[in-house]
Each structure stands twice: as C-alpha cells, then as structure tokens.
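For reference, the structure is listed below as structure tokens.
The values are calculated or read from the model by the stated rules, or taken from the named source; none is laboratory data. For clarity, every value in this text was computed on a predicted model and none was experimentally measured. With ideal geometry, Cβ positions are generated from the backbone for all residues, glycine too; neighbour counts draw on all protein chains shown. Side chains included, ligands, DNA and RNA excluded: accessible areas come from the protein's heavy atoms. Shrake-Rupley method; radii C 1.70, N 1.55, O 1.52, S 1.80 Å.
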Amino acid sequence: MDTTDVLIVGAGPTGLTLGVDLARRGVAAQLVERADALFPGSRGKGIQPRTQEVFDDLGVIDAVLAASGPYPNRMVWRDGQQVGEESMFERFEPDAGTPYPAPRMIPQWRTQEILYARLTELGGKAAFGREVTGLEQDADGVDVAFADGTTVRARYVVAADGGRSGVRRALGVGMTGESVDPAPFVVADLRVRGLDRVYWHAFPAADGSVLGLCPLAGTEEFQLAARLPVGAEPDVTADGVRELVARYTHLSAEDVTEVCWASEFRPRAALADRFRVGRVFLAGDAAHVHSPAGGQGLNTSVQDAYNLGWKLDAVLRGAPESLLETYEEERRANAAAMLELSTGVHRGEVQRGRATVQLGVGYQESSLSAETRADPGPVRAGDRAPDAAVLGGRLFDLFRGPHWTLLGATAAPRADVRTLASAPDSYGPGVFLIRPDGYVGWAGETATEDLAAYLDSVGIR
C-alpha cells in the first residue's frame, strides 16, 4: 500500500493551492484528480485582492497578473443598440497597506495551469484519472480506495473534490442551504465575431432573463453567462449555445465561430455541516457552494487551502493536534459570511466592491487570536496583516514564505520566526506575531512570557 502524509482529492484551485503550499514546506503530499486533465472552463474568473496576496506569497502572482486583466465596464444593449454603460464594481481608493487594490479577471483554467506549473516547479505532482471510491479511518490514518483497485494510506486527507464531493458523501456530512435563484443558468466559453472586447456586454430580455458576453482577459474568448426563463431547459450543445446568442443579441448563430466549453447550473448557497471528520477535512466547493455572483467561491476556496496548509505542516512536525481544530473554527464561519455576501450580490442587495474584495476577512473571534494589549490600535489579533513600506522594501517581502514573522522585536524568540525591530506606524503601538497565512496571531505590549506560551501552542519550539 502506498503511503503519504497528506492526500489531496481534487486538482481544482483549492487542491492545487494546498498542493503548492505543502510542497514549498517539504510535506509529503499526493494530489489526485478523478478527471483525466485540469478543468477546461472559465467558470471562476475573478481573483479578489486578498487572493492576489495569497498568490504573491505562493510565488505565482507575476504569472497571474501577466495572464489577467482588469474587469471591463458593462455595456447594456436593447434592440441591437447600446443604451448604457455602468461599472461592475464600487470603486474605492487603495491605501499603502493594499498592494493589489482591484479584482483581476482570469479564466479558471488559466489560474489552474499557473498553480499546476508552480506545483511541478516545487517538485509536486498530480495524478489524473484517479477516482476515490471509499475511505476508512482509524486513530493513526486514513485508508483511501480508488476505482482501479489500489489504495493509499494517508495521515490526513483533504477533500477538495467539488460541490458534488464523493468524499463528503462517504463521510456522511450533510449540506445545509437554499436555492438562490429559481432560474436555470448556462455558462460557456466561446469565440464570437462582431463584438468588441472593450465591454462586458449585457443583453437583458423583457421577461427578466439576460445573457452576458464577457471578454476573457488574456484570451481570444468570451465567457457567456445566461439566466434563462424559469422552467426553461438549457441546451449546452454547441448548437444550443449558438441559438442562445442569436436569440438574445443582434448577432447571428454563425457569428459564434467556436464553442470551447459549456455547462449548466442552478445557483444555490450551501454550507457543509462540518468541515472536519477525524483526519479528513473538507475544503473549497466540497465545503461550501456559492452563487458565482460577486466572485466569492473560488477565492474563499483558495483561502481554505491557505488556512489549512500551515496547520497540517505544523502538526506533522509535532505541534499539538488541537491546532487542526481551528481550521473548521475559522473557515466555516468565514465561508458562511461569504455565502451570505455572494447571495446578496446575486439578488442585487449588495454591490460588488469593498465587501467583496475579502480584505476584511479575519479571525478576531478565533481561539488562535490572542490580543493581550489593554488599548489595541488599528491592527488587532485576528486581523489581516496589511502591507507597509519598511527599511529595504515592503512588509509583504518579509512575510513571503512559510515562516512566522514578529514585528517589534530585535531578537527572534525561536529559530523559525523572522523579526523586524519595529512595527510600521500604520499598525499602532505593540508587538505583532504574524501567522504564515498573513494574519496577526498574537499582539502584545512587549514580547512577554505570553508570547512564548503562544509559540508553544502552535508548535514553534
């Protein structure tokens, strides 16, 4: 029987992000995917500023920025005429703590290619055509069975196998949720002539249905997203997609020169009842399913992986097992909030903007957040640690990598902690211990015995 420390099931954005994070840490991990290749469609095309910060830390931000572009304004059409232009996002002024101030558009297939290339660069691999058919766990590990009759024993398993997760079903974990919209939707990647690539084109119909054609940055394709009338039966064949374009727009079916990929879905919001069962963790769509409105699903999924990676590594190196309990504690609460947000955007109750960029996501209520100051300043334990200019560069340059960072101390309290003699003024007074995932874990007036106890609790000996 093959063995590994961590088995990741699913090579989507979640599984690939976790694979990259574990690979750079030197963790023995296997990544398996039921399909024969990476996902081919554009589905999750928005990369929020907080996820760009994650990608910076993982070493892929340059490739993501080069392959992506800004979101275009929306152009509304009626009866073959352009009738109005509108911004897709609430605009807000960036600050010194935010190096990536706006969402970027990049098709999901390209994001996955970039993450996969980074994984292989770090020595990791993904095995395709590997379908999990069952699993059994005991006190020491998990035995995972595959459709080809082979088995793998892992110390931990992470289910990143999507909204219809077979691992989640095998665990018997339910999903609690609701339908977001009674209408069926079609999404497709296509090439079309006769339409400029300056705008995200919207073609609303009198019955409340609508078709959008969005130019996909870095490609020659458009993403079609259509809300059909309630009760309609979607046809996602190439001819069916061409007919949709002809029905809703001034273009003809022949103007669609290629249909690269198409799928149908019905928007819903659902949250797994648990994110952990013993040695098995749920992450990404296996744990929470979003409406695509507002671009929260992929981004929340990437941050699940980013939260879990350093904790798995720490426990495998001897940190208390209780550290893994904080994954569900932190991520399930945040996923619930993001589900409410994406549903609100879908229903027109929330505007895309400051709420959706995920820079405000934090863990102030987490048991891992220790705020020991009597009068905290603007940055508290549990907050995202913002960027700032520091001597010799940027704070994010100091954070980059799998280590912890202590701001406001001249000597490192432990070998695995980097230090900066003083915290930036924007943080306020105090000493700040920054977690490997860029959040303030501990904050105090000075580096006291409380800090030493905190470091012990997270496995930094």
Charge-dipole axis of the chain as Lys and Arg at +1 and Asp and Glu at -1 on Cβ define it, positive-most pick from Gly360, Pro413, Leu282: Pro413
Theoretical gain in end-to-end length, Ala96 to Asp416 [0.36 nm per residue, Cα-Cα removed]: 112.4 nm
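How much length is gained if the chain between Ala336 and Ala37 is pulled fully straight, taking 0.36 nm per residue apart and subtracting their Cα-Cα distance, in nm to one decimal?
Numbers: separation 299, 0.36 × 299 = 107.64 nm, distance 3.07 nm.
Stretched fully, the Ala336-Ala37 segment lengthens by 104.6 nm.
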Cα centroid of the range 232-290 to Cα centroid of the range 407-424, whole Å: 47
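Over the range 11-153, what relative contact order in percent results from Cα pairs under 8 Å that are six or more residues apart?
Numbers: 203 pairs, mean separation 49.5, N = 143.
Computed over the range 11-153, the figure is 35 percent.
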Of Leu171, Ile47, Ala388, farthest towards positive along the dipole that unit charges on Lys, Arg, Asp, Glu beta carbons give the chain: Ala388
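Add +1 for every Lys or Arg and -1 for every Asp or Glu among the other residues with Cβ under 11 Å from the Cβ of Leu455, and state the total. Present the calculation step by step, with values, prior to reporting the outcome.
Numbers: positive: Arg414, Arg461; negative: Asp416, Glu449, Asp450, Asp456.
In short, -2.
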Spin-label model distance (nm) - Phe265 vs Ser87, 7 Å beyond Cα toward Cβ: 2.7
Förster-model FRET efficiency, 25 Å R0, Glu449 and Arg317, C-beta, rounded to 0.05: 0.60
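Give, in nm to one decimal, the length gained when the segment between Thr257 and Val210 is fully stretched (0.36 nm per residue of separation minus the Cα-Cα distance).
Working: separation 47, 0.36 × 47 = 16.92 nm, distance 2.13 nm.
Length difference between fully extended and current span is 14.8 nm.
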Accessible area (Å², per residue) of the range 25-75, counting only protein heavy atoms and a probe of 1.4 Å: 35
Loop-located chymotrypsin sites (Phe, Trp or Tyr not before Pro) in the range 53-94, at most 13 other Cβ atoms within 10 Å (DSSP): Phe92
Proximal charge balance of Pro215 [Cβ under 10 Å; K/R count +1, D/E count -1]: -2
Within the accessible area of the chain (1.4 Å probe), percent carbon and sulfur: 48
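Per DSSP H run of n ≥ 4, the term is -39500 (n - 2.57); total these for the chain, divide by its residue number, and report the mean residue ellipticity at 222 nm rounded to 500 deg cm²/dmol.
Details: 10 runs with 116 residues, N = 461.
Calculated from helices alone, the mean residue ellipticity at 222 nm is -7500 deg cm²/dmol.
I'd like to know how the range 1-152 sits against the 2.2 N^0.38 Å rule of thumb: what's its Cα Rg over that expected value?
1.33
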